[in-house]
Amino acid sequence: MSNLVQTVINAVTPDLITKLSGLLGESPGSVGKGVAAAAPALLAAALQQSSTTAGANSLLDMVGQVTGGGDILERLPALLSDDTARAGLLSQGKGLADSLLGANSAGATNTLASFAGLKGGSASSIIALTAPLVMGAIGKALGPSKTASGVQALLSEQRSSILGALPPGLGSLFGVGGAAQAARGATAAAGAAAATSGGGLMKILPWLIAAAVVLALIFGMRSCGKEKAVEPAPVVPPVAEAPVVVAPVAVAPETLTLPGGTTISVAPGSIGYSVAKFLDSREAAPKTFIFDNLNFDTASNTLTPESNATVGTMVVILKAYPNVRARIVGYTDNQGDPAANKTLSDSRAASVSKQIIDAGIAPDRLETAGMGDANPVADNATEEGRAKNRRTELVIVRK
């Protein structure tokens with residue numbers, strides 16, 4: 001049985017690491033470290049989710065989404081070399097990662113960024129890139145006969161290698177922090193003992209490794225038992241049960257089929273989902289939508305890396321509906337000089353439009369406008385309100 005963690009890491013070759021470092025503006029070392037951490041983190045989330053039949057079925061659906069177009073591990077170089085394909089991959093990956101991580105998404109991103117020395121946006125992009133690779137690795141290991149029970153058995157068999165590869169801090173997000181530490185320590189101890197004794201202990205190395213795995217599993221079971229033992233305490237129960245209660249709130253992405261047969265994986269409530277549903281309906285234009293997951297560097301018109309997935313999804317939708325005409329409108333809060341805000345909102349709208357046009361949408365289908373701090377949708381007296389007012393809208397002018 002192949003090692004799932006290594007299968008994912010090996011798919012991102014040094015050449016691809018170099019390419020990603022250029023796209024993200026990060027060092028190759030940090031990107032490689034990020035991928036090596038994201039792979040076991042997402043697999044640990046899948047391991048946790050596979051503990052129930054419903055969770056295993058959900059994982060099976062995700063595997064199906066990724067493997068339907070062929071072996072993504074082999075197609076990765078081609079996908080990363082094409083701007084539109086790369087944007088689609090990141091969009092799909094974000095939906096998969098959100099489904100896997102649920103309420104732990106922000107925590108995993110922050111921990112990964114700190115561990116690998118990455119910007120938050122870069123860490124988010126690496127997680128989104130790695131999620132489809134994880135599903136592809138699971139699908140490849142399952143072979144042609146893919147079942148929910150097969151998913152459960154596979155991840156159970158890989159438990160030790162997954163937990164042993166988790167960087168410090170990530171295991172606790174999935175309730176396996178102690179087991180992960182035990183797996184790393186026990187496996188390292190077995191390896192050290194074999195190296196010290198030379199040929200003699202090499203004969204019993206398989207027994208040492210087996211003992212290490214058993215120790216890790218026992219440690220994990222004892223840790224779970226300890227959590228239950230302190231459950232009556234007034235503070236502990238909410239902490240222990242938080243992932244179970246909050247996780248269902250994370251909206252699983254849906255696969256929508258657009259005219260021409262193209263499919264997109266988008267979460268209900270996202271701009272991609274809302275625009276696609278609107279264009280497929282009989283509701284008349286115009287209609288305004290606010291971009292989600294679309295951000296710029298501070299006081300700049302430069303889109304952050306994680307925004308590429310959102311723009312990519314919109315490109316796919318606009319290509320499927322060639323008669324659509326749209327307007328992109330930028331807004332700011334009321335902080336600073338009004339004239340400067342107007343200029344900034346203009347340039348941000350133009351920046352989004354340019355990225356869409358560069359991806360293959362005809363320029364005459366888009367228009368832009370910058371409104372500065374006009375038409376606020378929230379109270380500029382609070383930081384939360386100002387954040388809502390710093391927005392970019394998409395107006396469907398004609399269907």
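The values are calculated or read from the model by the stated rules, or taken from the named source; none is laboratory data. Computed from a predicted structure; not experimentally measured. Here Cβ is always computed from backbone atoms with ideal geometry, including for glycine, and neighbour counts include all displayed protein chains. Each accessible area value is taken on the protein alone, full model and side chains, heavy atoms only, with ligands, DNA and RNA left out. Shrake-Rupley method; radii C 1.70, N 1.55, O 1.52, S 1.80 Å.
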Inset, instruction - Sticking with the crude label model, points 7 Å out along Cα→Cβ, report the distance from SER281 to ASN110 in nm, one decimal please. - result: 3.6 nm
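When you have a sec, figure out the Kirkwood radius of region 283-377 from all distinct Cα pair distances and drop it here in Å to one decimal?
Numbers: mean 1/r = 0.0717 Å⁻¹.
Radius from the Kirkwood sum: 13.9 Å.
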Legend entry - Under Karplus coefficients 6.51, -1.76 and 1.60, residue-wise ³J(HN,Hα) of region 120-136 in Hz, glycine/proline x: x, x, 5, 4, 4, 5, 5, 5, 5, 5, 6, 4, x, 5, 4, 5, x
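At a Förster distance of 45 Å, what's the computed FRET efficiency of ASN323 paired with ASP15, Cβ-Cβ distance as r, to 0.05? Numbers along the way, then the final one.
Numbers: r = 41 Å, r/R0 = 0.90.
About 0.65, to the nearest 0.05.
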Legend entry - In sequence order, calculated HN-Hα J values of region 51-68 (Karplus, 6.51, -1.76, 1.60; Hz; x Gly/Pro): 5, 10, 4, 4, x, 5, 5, 5, 4, 4, 5, 5, 4, x, 4, 7, 8, x
Inset, instruction - Grab the Cα-Cα distance for SER27 and SER51, subtract it from 0.36 nm times how many residues apart they are, and report the gain in nm with one decimal. - result: 4.9 nm
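What FRET efficiency comes out for ALA387 versus ALA252 if R0 is 30 angstrom and r is the Cβ-Cβ distance? Round to the nearest 0.05.
Details: r = 26 Å, r/R0 = 0.87.
The value I calculate is 0.70.
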Inset, instruction - Please give the contour-minus-distance gain from ALA299 to ALA78: 0.36 nm per residue of separation, less the Cα-Cα distance, rounded to one decimal in nm. - result: 76.1 nm
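I'd like the FRET efficiency for ILE357 and ASP379, computed as 1/(1 + (r/R0)^6) with the beta carbon distance as r and R0 of 41 Å, rounded to 0.05.
On the way: r = 35 Å, r/R0 = 0.85.
Result of the calculation: an efficiency of 0.70.
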Inset, instruction - From largest accessible area down, sort GLU393, GLU383; use a 1.4 Å probe on the protein chains. - result: GLU383, GLU393
